[in-house]
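**Q** Supplied in structure tokens, the structure appears directly below.
The values are calculated or read from the model by the stated rules, or taken from the named source; none is laboratory data. In this text, all values refer to a predicted model and were calculated from it rather than measured experimentally. Virtual Cβ from ideal backbone geometry, glycine too; neighbours counted across all protein chains shown. Protein only, heavy atoms only, side chains kept; ligands, DNA and RNA dropped before computing areas. Shrake-Rupley method; radii C 1.70, N 1.55, O 1.52, S 1.80 Å.
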Amino acid sequence: MTAVQGTDVDIRTEDGTADAYLAHPGDGQARPAVLFYMDAFGLRPQLRSMADRLAAAGYTVLVPNVFYRHGRAPVVELPEFIDAAARPGLFARLGPLIGELTPEVSMRDAGAFLRWLAECPVAADGPVAVTGYCMGARLALFTAGTYPARVAAAAGFHGGRLATETPDSPHLVAGHVTAELYFGHADQDPSLPPEQIARLEDALTAAGVRHRCEVYTGAPHGYTQADTAEYHEEAAERHWAALLDLLKRTF
């Protein structure tokens with residue numbers, strides 16, 4: 001583990017300016033880059049802490065605010081601890097923002113984030129890894145399928161709606177993916193029922209994608225997020241082990 005430097009940065013996109021958090025080892029040397037996609041609650045201290053932990057393991061980590069079209073983070077005011085009582089009111093405000101992130105819009109942004117990392121002096125040359133949480137798992141899979149030459153590995157944790165029957169479902173990009181993939185599903189997650197888990201697995205297998213999909217027993221949706229009532233320490237630590245193992249194999 002090494003000392004970490006964290007900085008707020010701005011990224012020009014085709015639609016404006018996205019604020020983001022950049023974390024990297026404090027020695028300033030170029031390290032393999034990880035594009036970190038936020039969960040629905042957005043860029044906040046919890047995600048900065050997670051990015052710092054990844055950076056301390058030797059990576060340069062970029063966490064963009066994908067809701068930037070609605071303002072700088074936090075776009076929605078959050079309580080210090082997000083419990084069950086707070087969730088309905090928050091999602092009433094967050095739902096429309098999530099709905100606006102169509103594959104076309106989000107992948108236009110992904111191109112900007114990847115270009116920014118390619119020019120970042122503390123990001124090593126070459127492909128990057130991607131990790132995503134909650135809705136960010138969808139974005140991670142879409143990014144791997146949309147920019148295969150730029151993504152060497154992608155991971156998604158407690159992702160929802162990864163393999164629906166809609167024509168814009170993330171699993172449909174499987175045939176374009178060249179990266180190695182890892183998914184840590186929550187078994188107590190209504191947003192990813194067993195039939196979707198099976199559909200995702202089947203699509204990745206049929207496409208010949210190197211992948212591993214695991215179901216974390218007893219884990220609720222949001223199990224990695226320590227500032228919420230959904231946090232599950234055992235599952236969260238399992239996620240860290242799996243993610244770091246994937247990154248070690250990749251870089």
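**Q** Taking only pairs six or more apart or across chains, which ones have beta-carbon atoms under 7 Å, a first residue in the stretch 233-251 that is closer than 16 Å to Val130 by Cβ, and a second residue that is among the hydrophobic types (A, V, I, L, M, F, W, C) and in a helix (DSSP H, G or I)?
**A** Listed pairs, sorted by first residue: none to list.
**Q** Test Ala149 against the stated conditions and say whether it is small (Gly, Ala, Ser), surrounded by 15 or more Cβ atoms within 10 Å (Cβ to Cβ), part of a loop (DSSP other than H, G, I, E, B) and out of contact with any His (no Cβ under 8 Å at 6 or more places or on another chain). It would help to see each step written out before you state the result.
**A** Details: small (Gly, Ala, Ser): yes; surrounded by 15 or more Cβ atoms within 10 Å (Cβ to Cβ): no; part of a loop (DSSP other than H, G, I, E, B): yes; out of contact with any His (no Cβ under 8 Å at 6 or more places or on another chain): yes.
Criteria not met by Ala149.
**Q** Please count how many residues of the stretch 17-66 are assigned to a loop (DSSP other than H, G, I, E, B) and in contact with a strand residue (DSSP E or B) (Cβ under 8 Å, 6 or more places away or on another chain).
**A** 12
**Q** Hey, another quick one. With respect to Ala235, determine if the residue is open to solvent by 20 Å² or more (accessible area, probe 1.4 Å), out of contact with any Leu (no Cβ under 6 Å at 6 or more places or on another chain), on the phi < 0 side of the Ramachandran plot and assigned to a helix (DSSP H, G or I).
**A** The answer is no for Ala235.
**Q** Separate question: Looking only at the stretch 120-130, decide whether some residue is closer than 27 Å to Ser191 by Cα and surrounded by 24 or more Cβ atoms within 10 Å (Cβ to Cβ).
**A** Yes, the conditions are met somewhere in the stretch 120-130.
**Q** Only residues that are in a loop (DSSP other than H, G, I, E, B) and crowded, with 17+ Cβ neighbours inside 10 Å: list them for the stretch 67-92, please.
**A** Within the stretch 67-92, Phe67, Ala73, Val75, Val76, Leu78 qualify.
Let's see how each residue does on (1) part of a loop (DSSP other than H, G, I, E, B); (2) surrounded by 18 or more Cβ atoms within 10 Å (Cβ to Cβ):
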position	(1), (2)
Ala153	no, yes
Gly184	no, yes
Ala203	no, yes
Gly208	yes, no
Arg212	no, no
Thr217	no, no
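Every residue, every condition in (1) over 19 Å from Ala129 (Cα atoms); (2) at pLDDT below 95; (3) touching a Leu at 6+ places or on another chain (Cβ under 6 Å), yes or no:
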{"residue": "Asp10", "(1), (2), (3)": "yes, no, no"}
{"residue": "Gln29", "(1), (2), (3)": "no, no, no"}
{"residue": "Met38", "(1), (2), (3)": "no, no, yes"}
{"residue": "Ala51", "(1), (2), (3)": "no, no, no"}
{"residue": "Ala56", "(1), (2), (3)": "no, no, no"}
{"residue": "Thr60", "(1), (2), (3)": "no, no, no"}
{"residue": "Pro64", "(1), (2), (3)": "no, no, no"}
{"residue": "Phe67", "(1), (2), (3)": "yes, no, yes"}
{"residue": "Gly71", "(1), (2), (3)": "yes, no, no"}
